[in-house]
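J.: Sending over a structure as structure tokens; questions will come in a sec.
Each value in this text was obtained by applying a stated rule to the coordinates, not by laboratory testing. Keep in mind that what you see is a predicted model, and the values were worked out from it rather than measured.
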Amino acid sequence: MPELPEVHTQGENLDQAREMVRDAIELVLDERRTRGEAIPPTGWALVESVEIAA
């Protein structure tokens, strides 16, 4: 997955968040291509929040 700082999303659960991020990435890549912008090389970045009992 290219590193795209403008892609942020969330969901009710992890599966939904992953589905939402796929859609967001597709939209950003399409928009960048439309504007003639470069697509960053593939990198690796992942941020996930977890809940813990207080």
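J.: By its C-alpha gyration tensor, with a ≥ b ≥ c as the square roots of the eigenvalues, how is the chain shaped: rounded for a/c under 1.5, else prolate for a/b larger than b/c, else oblate?
T.: prolate
J.: Taking only Cα atoms and a 10 Å spring cutoff, compute GNM fluctuations for the chain and point out the largest among GLU12, GLU26, GLU37.
T.: With Cα springs under 10 Å in the chain, the top fluctuation among GLU12, GLU26, GLU37 is at GLU12.
J.: Considering Cα pairs under 8 angstrom that are at least six residues apart, work out the relative contact order of the chain and quote it in whole percent.
T.: Answer for the chain is 43 percent.
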